[in-house]
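Peer 1: Questions regarding the structure given below will be posed in turn.
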Amino acid sequence: ATWIRVRAAGKGSVELYAVALERSQGGLVLDTMGQVGLRARGLLRINDKHFTHQIQLRSPHLMAIQFGGKERVDAKLTKEKHQGEIEELVGRLKKGSPDGSCMVVGPLPHGKRKRGKITLDPRLNIIADAQKAAAKSQGCAYFDAIAHFGGEEGLQAMVKERLLAKDLAHLTTRGHQK
């Protein structure tokens with residue numbers, strides 16, 4: 001099948017969380033979830049038993065999370081608070097798939113304009129440090145996205161190559177492709 005149709009039967013509201021379509025042959029299965037504006041603590045609002053059960057149903061071999069873009073605007077966010085949120089979230093993932101590996105992907109570079117100059121948002125240091133520590137404490141790999149893109153110098157290149165939108169926080173289509 002290349003498409004499916006889902007219809008609700010009966011009365012009342014219906015919620016569809018996901019659909020899994022897989023082949024019987026071996027291969028890679030990639031489950032993703034993205035939600036605009038979601039912070040790590042947002043996932044922690046999901047009922048723990050329900051969340052764990054959903055992970056158990058998929059039984060992933062590798063679980064990766066990435067947060068930080070929205071957290072950086074939280075003026076009261078501390079390293080300790082964010083580290084605790086990431087550790088709790090990873091703990092829930094691991095409870096759902098105890099044999100699965102995990103990876104924390106650090107935040108993408110975000111810029112700030114200061115006196116006409118674009119610099120790396122300093123709040124990202126708090127977030128990246130918290131996530132590195134959380135990954136280490138939970139036995140997860142950590143991917144430093146800021147370093148991958150070249151840090152401060154890389155940010156300048158991203159702006160020049162128009163990989164970042166004018167808000168200096170979101171990737172452009174070109175940025176996503178690269």
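Peer 1: Could you say which residue among 163, 120, 171, 89 is surrounded by 13 or more Cβ atoms within 10 Å (Cβ to Cβ), within 16 Å of the chain's Cα centre (by Cα) and more than 30 Å from residue 52 (Cα to Cα)?
Peer 2: Checking each option against the conditions leaves just 171.
Peer 1: So, in segment 45-69, how many residues would count as being of a type outside the set (Ser, Thr, Tyr) and more than 16 Å from residue 104 (Cα to Cα)?
Peer 2: 13
Peer 1: For segment 129-153, how many residues are open to solvent by 10 Å² or more (accessible area, probe 1.4 Å) and not in a loop (DSSP other than H, G, I, E, B)?
Peer 2: Total meeting the criteria: 15.
Peer 1: Based on this model, can you work out whether residue 90 counts as modelled with pLDDT under 95 and either of a type outside the set (Phe, Trp, Tyr) or assigned to a strand (DSSP E or B) (or both)?
Peer 2: no
Peer 1: Let me spell it out: the conditions are (1) within 26 Å of residue 59 (Cβ to Cβ); (2) of a type in the set (Val, Ile, Thr); (3) open to solvent by 60 Å² or more (accessible area, probe 1.4 Å), and residue 105 meets all of them except one. Which number is the exception?
Peer 2: Going through the list (1) within 26 Å of residue 59 (Cβ to Cβ); (2) of a type in the set (Val, Ile, Thr); (3) open to solvent by 60 Å² or more (accessible area, probe 1.4 Å), residue 105 breaks only (3).
Peer 1: For residue 49, state whether it is closer than 25 Å to residue 132 by Cα, assigned to a helix (DSSP H, G or I) and not β-branched (Val, Ile, Thr).
Peer 2: So residue 49 does not fit the description; no.
Peer 1: What is the one condition in (1) surrounded by 10 or more Cβ atoms within 10 Å (Cβ to Cβ); (2) out of contact with any strand residue (DSSP E or B) (no Cβ under 8 Å at 6 or more places or on another chain) that residue 75 does not satisfy?
Peer 2: (1)
Peer 1: Just checking, which of 29, 19, 36 is surrounded by 10 or more Cβ atoms within 10 Å (Cβ to Cβ), of a type in the set (Val, Ile, Thr) and modelled with pLDDT under 85?
Peer 2: The conditions single out 29.
The values are calculated or read from the model by the stated rules, or taken from the named source; none is laboratory data. Predicted, not measured: the structure shown is a model, and the values here were computed from it. Methodologically, a virtual Cβ is constructed for each residue, glycine included, from the backbone with ideal geometry; neighbour enumeration extends over all protein chains shown. What goes into the accessible areas is simple: the full protein's heavy atoms, side chains included, and nothing from ligands, DNA or RNA. Shrake-Rupley method; radii C 1.70, N 1.55, O 1.52, S 1.80 Å.
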